[in-house]
1. Tell me which residues, restricted to the range A:106-141, are among the charged types (D, E, K, R), part of a helix (DSSP H, G or I) and out of contact with any Phe, Trp or Tyr (no Cβ under 8 Å at 6 or more places or on another chain).
2. Quick one: A:Arg144 ticks every box in (1) without any contact (Cβ under 8 Å) to a residue 24 or more places away in the chain; (2) part of a helix (DSSP H, G or I) except a single one, so which number is it?
3. Only one of A:Gly399, A:Gly378, A:Gly388 is surrounded by 13 or more Cβ atoms within 10 Å (Cβ to Cβ) and near RNA strand B (Cβ under 6 Å from one of its atoms); which?
4. Looking at A:Lys171, A:Lys183 in this structure, which one is open to solvent by 20 Å² or more (accessible area, probe 1.4 Å), under 13 Å from A:Ile308 (Cα atoms) and out of contact with any Lys or Arg (no Cβ under 9 Å at 6 or more places or on another chain)?
5. Does at least one position in the range A:9-17 carry a residue that is within 20 Å of the chain's Cα centre (by Cα) and either in the same structural domain as A:Val314 (by TED's automatic domain parsing) or within 16 Å of RNA strand B (Cβ to nearest atom) (or both)?
6. Which one of A:Tyr125, A:Tyr174 is within 19 Å of A:Gly274 (Cβ to Cβ), assigned by TED's automatic domain parsing to the domain that holds A:Ala29 and of a type in the set (Ser, Thr, Tyr)?
7. Please go through (1) touching a strand residue (DSSP E or B) at 6+ places or on another chain (Cβ under 6 Å); (2) over 30 Å from A:Tyr283 (Cβ atoms); (3) exposed (fewer than 14 other Cβ atoms within 10 Å of the Cβ); (4) touching a residue at least 24 places away in the same chain (Cβ under 8 Å) for A:Val32 and return the number of the only condition it doesn't satisfy.
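The values are calculated or read from the model by the stated rules, or taken from the named source; none is laboratory data. Keep in mind it's a predicted model, so treat the numbers as computed, not measured. Note that we place each Cβ from the backbone using ideal geometry, even for glycine, and neighbour counts take in every protein chain shown. Side chains are part of the model used for accessible areas, which takes the heavy atoms of the whole protein and leaves out ligands, DNA and RNA. Shrake-Rupley method; radii C 1.70, N 1.55, O 1.52, S 1.80 Å.
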Amino acid sequence: MRLTAFFLPTLKETPSEAQIASHRLMLRAGMVRQSAAGIYSWLPLGWKVLRKIEQIVREEQDAAGAQEMLMPTIQSADIWRESGRYDAYGKEMLRFTDRHDREMLYGPTNEELITQLFRDNVRSYRDLPKILYHIQWKFRDEVRPRFGIMRGREFLMKDSYSFDVDFEGAKRSYEAMFTAYLKTFKRMGLTAIPMQADSGAIGGNLTHEFHVLAETGESGVFYDSAYDELAAKGEIDLAALNNLYAATDEKHVPGGPNVPPPERLREARGIEVGHIFYFGTKYSKAMNAQVQGKNGEPVFAEMGSYGIGVSRLVGAIIEAYHDDRGIKWPEAVAPFKVGLVNLKVGDATCDSVCDDLYGKLVAAGVEVLYDDRDERAGVKFADLDLIGLPWQLVAGPKGLAQGVVELKSRATGEKHEMSVESALARLIG
RNA sequence: CGGGGAGUAGCUCAGCCUGGUAGAGCAUGGCGUUUGGGACGCCAGGGUCGCAAGUUCGAAUCUUGUCUCCCCGACCA
């Protein structure tokens, strides 16, 4: 993509409403614009990141055996009356009527819909287990949206739902999602700690929240310092994780059972990026979702639900990866891998070398943003640092006179001069 | 939902107290000089002062109502 053609409205100054780094940087980097309280438009750069994250989530769900589908954003009140949540959910649910005065709502979650689909279409235990998921926009009419897309009213969520014939099966599904979540967050460069959590309004008795540690996190969390060591090792060890203490402040009881000694107890702030629940037959009973068991007997489906805040992850990643100049995207979610800087647009050599580099990178399938604007070097560097592409490939008249370009890592700040060929090899290889 | 604050140019804000032709910086367009980490000069364009009523000869400014946004708290799968 050539920057002259790209819609990238960056801001030099910080909009006054933005309080935390991710919000500030998303506005400044031209990723999002607010349209109403807690409701945002995703501009091209932000949308690219969102789709990258979504794709990682999708791949890990698929790998765990879940199947993607798509349920609507708008739901009928009827099924919510069946589950009993139409009255229970409260004002967070956005309700309205259509032209025929039918009561509708913008879905805050999809247990009812998926249970209805299951009930209407699955008859036998032989069809189980099943894990279905979708990645869809949700709306929760939060009293006080804040922190940009971190607590928006409209947000993109991946929600999965598992159906099993018995508890053992449900537990396997739960563990499959548990592991998938750890892998998902790790691929994005995040260390997410699974925490014992309050089960809240969804109800159930087996539940974990996944928190990314960040100073600006909304939740207080407590965890065993052994997590830090485990995270440093970089491998996912389910058994080890299950034996370590970690809890949100809602669940944490000082000095309670399993709480590690003070020297190993860490207190921190966390951003909740995922939440998984086993809730048994809560919805299948309320909505009469049964299958026939092995002996022909009716069995209520054992269910779980598993959410990842996809749009919130964008903010969480920025919270984890930024400095005072801007964002530092991990390569897995970066909107582009390379920012190609032509330091002197209009200079025949610079133009031809950059055009050639751009063509070759694109041909090799490398995502590259080519800054071909007729701007001063400082402007280009500042914008590139702000939007945080992992690699900056800089070509200017001085370097080219020596036959070199500069390759800079945004993450480490390291710069290396090298020939055009070796730069290409580094980026394509 | 309780408390506080703010709506004036694309952004950041001044002007309001004490009513009298709407401002600055940045951004944008043009020209020139510049050009390796957010240049400089000159010129230009751009505003229903959130909206509505009221007071007044006259309202961005005073009064009332209303809408929206932000912050703190409570709330939050």
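1. Within the range A:106-141, A:Arg119, A:Asp120, A:Arg126, A:Asp127 meet the criteria.
2. Tallying (1) without any contact (Cβ under 8 Å) to a residue 24 or more places away in the chain; (2) part of a helix (DSSP H, G or I), A:Arg144 fails exactly one: (2).
3. Matching residue, one of A:Gly399, A:Gly378, A:Gly388: A:Gly399.
4. Only one candidate passes the filter, namely A:Lys183.
5. no
6. Only one candidate qualifies: A:Tyr174.
7. (3)
Residues are listed down the side, and each one gets a yes or a no for (1) modelled with pLDDT of 90 or more; (2) within 16 Å of RNA strand B (Cβ to nearest atom); (3) exposed (fewer than 14 other Cβ atoms within 10 Å of the Cβ):
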| position | (1), (2), (3) |
| --- | --- |
| A:Asp224 | yes, no, no |
| A:Tyr227 | no, no, no |
| A:Asn242 | no, no, yes |
| A:Asp249 | no, yes, no |
| A:Leu265 | yes, no, no |
| A:Ile271 | yes, yes, no |
| A:Gly280 | yes, yes, no |
| A:Ser311 | yes, yes, no |
